[in-house]
Structures are given as structure tokens and as C-alpha cells.
1. Could the peptides B:107-116, A:119-128 be put in order, highest first, of the mean number of other beta-carbon atoms found within 10 Å of their residues?
2. Give me the angle, in degrees from 0 to 90, between the Cα long axis of helix B:236-261 and the longest principal axis of the Cα atoms of chain B, rounded to the nearest 10.
3. Counting only helical runs of four or more DSSP H residues, what would the 222 nm mean residue ellipticity of chain B come to if each run contributes -39,500 (n - 2.57) and the total is spread over all its residues?
4. At 222 nm, what helix-only mean residue ellipticity would chain A give, in deg cm²/dmol to the nearest 500, using -39500 (n - 2.57) for each DSSP H run of four or more?
5. Kindly identify the stretch B:206-329 as rounded, prolate or oblate by the Cα gyration tensor criterion: order the square roots of the eigenvalues as a ≥ b ≥ c, call it rounded if a/c is under 1.5, otherwise compare a/b with b/c, prolate if a/b is larger, else oblate.
6. Tell me, what ³J(HN,Hα) does each residue in the stretch B:299-313 have, in order and in whole Hz, if you take phi through Karplus 6.51 cos²θ - 1.76 cosθ + 1.60 with θ = phi - 60° and put x for Gly and Pro?
7. For each cysteine in the protein assembly as shown, check whether another cysteine's C-beta sits under 4.7 Å from its C-beta; list those where none does.
8. Report the extension gain between B:LEU237 and B:ASP116 in nm, rounded to one decimal, defined as 0.36 nm multiplied by the number of residues separating them, less their alpha carbon distance.
Amino acid sequence: MASSGSVIQDVKDLLSIGKGLSITFRYLFRPKTTFQYPEEKRPDVKRLRWRHKLHRYANGLERCIGCALCAAACPAGAIYVEAAENTEEDRRSPGERYARRYEINLLRCIFCGYCEEACPTQAIVLGQEYELVGDDREQFIYTKERLLVPPSEGHGEAPEGMRSLPYVQEELK
Amino acid sequence: MDQIQVILIALAKSILIFFGLIMAAAYMTLTERKVLAWMQARIGPNRVGPWGLLQPIADAVKAMFKEDAIPEGADKFVFWLAPVIAVMASMMTFAVIPVGPQVNIFGLPVDLQLADVSVGILVILAVSSLGVYGIVLAGWSSNSKYSYLGSVRSSAQMISYELGMGLSILSVVITVGSLRISDIVQFQATVPLALVQPLAFILYTISAIAENNRPPFDLPEAEQELVQGYMTEYSGLKFAMFYLAEYVNMVTISSVATTLFLGGYHGPIADGVWWFLAKVAALLFGYVWLRATLPRLRYDRLMRLGWQVILPVSLLNVVVTAVVVTMTA
């Protein structure tokens, strides 16, 4: 220790210990950042990425068109989508397809939000609920029913049901 | 009947010291967690009891319920013995520490010191050296490379710093002129020895923290380097014993420093046990404060500090003290 540098440097080093000690001492009197969970919870932030929700349009139709882009985008392979055709009697979503089965395995999900980014209709969105507890693994496969929002909570105007894109319709004429 | 009285009083003191040290060490763990937390802008344990006061009890109960695993190929007897030695050594040192002035209990004058041996200082040095055995035996008997390395490093560190400790204490002994602890405390009735021998005080403190394997000298126990060092293979109650030994050592070392350098139970106006306790508490706070602040010393720097700085300086201090005392005698 005495050989590495001058004595003055050593004295300076010793004094810097004192400076460090004063900082930690001051911190004794600073306010603490601890939240007493579960009595206190952190205030919600708008873009929290937690439990998914499958959204609807204002008129109640599901936004999800069963394209499975979210399943393709998911890095963890947590989403399973089975699509089916909309019929006129049983129309779930505007357009041709809807998701007959839509399941997310929340144990595989890493809550990255890529599915939300990939979705063309803003159907799958990561919401704010984070208290997701379960007893066994099956409980964590969230099915479509659990993920769908109630019809009263739809937002946005549904596009006109289109069987195909306009320029194709032109060609068919 | 006098002999029976003496034995009973000694027994009572022993029991008080034993349980007192255990409780002090246990609540020191909580104090450390709380103070460290407060220094890091968070609160420590506060769920287990009001202000977390039942936390040490919860920890003790948990330790008792843990599986007491012994590694295959471990020397069973020595493995069991090592924590016992560690705890014993750390507690026995307290026998020569005077906690307060002489009191009258039921008309009997009682010294608040278990054993006022005429060579009390030697007892402190000798018994605290025994603690190294606990660590050496722990690492060796675990039959594990990490434990072995940790114990080798730890024991090398401890014996290196014992020289610094011994020489600092020697300066005090030369100044006072006696090995008897009560003489040393008596000497400080007017002025604490820390003011007479400031260098010895600082050197003793540093050496003692290193002896105790406490941060910033805790590389042998650093989780990142050696899992838990010599304690790696220990679980349950045996581990708790090592942990306890470390904290009892903290209390003991602080008590020794208080007795030798800070005036023991003497206060500016009045003497009392609570002065002693207050000083020990202040030193214990210092321990935690250092832990919260300083980064760990790398092992070779640690050894270098012990041999190339503390040893020469404390030796110089002894020489100067001896010269001054002889010339002013």
C-alpha cells in the first residue's frame, strides 16, 4: 500500500473513506423508497406490460381475426391460435376469419409485447393486471374466454366486413 | 459458605454473559439488516414483529428446521466440533471484560466482571486466537475444495491481523503498566486511552475487523468468490452457530475496544453499565456503517495491509510508547 504512490495519495485515499462514510450516514435520514406491498401498491403506469386482453370493437365484434401474427412474433412460443371462418349466422369478427381457439401460456410468456406490436387490428394488448397467481400449471393457460374483454368495453369503429381487397374485386368484375 | 457464594456468583455471571451474548448477537443480525437497509434508502425487515423484532427468532427457528446435511467423506466429529469451537472462543473472551463498576447486590460487593485475571490481556489475545481453529477445522473437515480454500484464506487472514492486534494492545499495556484489565479501565477514569494512543486505537480497530472477517475484509466469505467460504457445507443449526460466532465476535471485539480504548464503563459525569453498553453500541454501529460503505479488499491487498502497513506501524507505535513511558517514568 505504501509503495503504490505517495503518502499524500494514501492520505487522500483515507480521507475519501471518510467521505464515503458521510454519504451513507446522510442516507440514514433520507426518505425510503420501499412500498409496503400488499397494503401499498405502486401507482399504475399507462404502458404496463402485464396480463393480456383480447379487445373488441365498439359494436361488440372481436378485433381478433385469427391471423396468428402474434403467435409468429412471440419469442417464447406462448400463443396458440386456431382460426375459423366467420359465417353470416355466427359472425365473431369483421372480415373472413376469427380465432376459434386462442390460448396464451402465461408461464412461457415473457411479457415483451411483441404480440401487441405484431397485431394488425390491435386485438391483443398487454394490460395492467399483474397479480397472476395459480396453483398448478394448467391454470396458466389463459383461454380466449378469459382473455376477451366484455362486449361493453369495446372501442373503435369496426371496418366494413370485406371479403377481399378492393383491387381484387375490381379484377373479378 | 463464602466459597459457595463465590461459585454461585461466578455461575450467575457466566449464565448472564452466555445468554446476553447470544441475544446481543442475534439482535445484532437484525440491527445490521435494518441499518444497512436504512443506509440504502430502504427499510429492513419489518413484517415479522413490530419493527421486525421477532425476525431473529424466526431465523433461529428456520435454521433449526433445516436439514442438517453432512457432506459425504466429511470427518463427522470434527465437522460437528468446528462450530462449537468457533462459538466457544468468541464467547470466552468476554469473561475478562468489566461491564460496569462494582455494585452491591444484597449487601455483597460484586464486580461486574467474570474473571479479573491478573493477566487479563493475555486471556483476550489467547482466547481470540482459538477462534482460528474453528475455521481451520471447518474448512478441512468439509471435504470440499471451496470450503478448504475459504478456510485457508480466512485463517491466514486472521493470523496476519492478530499481530497488529497484539501490538496495539501491547502499546496500551506499556502505557498503563499492567496486564490486568481492571487496572486498564481504572487508568481511563479521567481520559480514555484512545486519546493517549490514537494510533493504537485505529490499528486495533482495523485489525479487529479483519480478524472478524467482516467487510471490508470479508473476501473469504464473499458469496461471489467462494460461495460461503469455509461455511459452505454447513446447514441448519451448525451454520447458525458459525453465524452466531461471527456476531458474538463483533460484540466481543467492540467490548474489548471499549474497555481498552474508550474508557469502559466510565462516563464524563457518572460511571455505569449503560455507558459501557452505549459505547459498544456505537462501535457496533460503526461495524455496520463500514459494511454499508466500503468495497471489499482483494485478498492480496488485505494481506499486504496487514503485514506491510499495520505491522510496521504498530511496531513503531510500541517502540515510541516504550521510549516515552520510560523517559517520563
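1. Highest-to-lowest ranking by the protection proxy: A:119-128, B:107-116.
2. It works out to around 20 degrees.
3. That comes out to -22500 deg cm²/dmol.
4. One gets -6500 deg cm²/dmol as the mean residue ellipticity at 222 nm.
5. Oblate is the answer for the stretch B:206-329, as a/c is 1.5 or above yet b/c matches or exceeds a/b.
6. Values per residue, Gly and Pro as x: 4, 6, 5, 4, 5, 5, 4, x, 8, 9, 10, 5, 4, x, 5 Hz.
7. Result for the protein assembly as shown is A:CYS64, A:CYS67, A:CYS74, A:CYS109, A:CYS112, A:CYS119, no neighbouring Cys Cβ within the cutoff.
8. Full-extension gain reported as 40.3 nm.
None of the figures in this text is laboratory data; all of them are computed from the coordinates on show. If you're wondering where the values come from, they're calculated on a predicted model, not measured in any experiment. We place every Cβ from the backbone using ideal geometry, glycine too, and count neighbours over all the protein chains shown.
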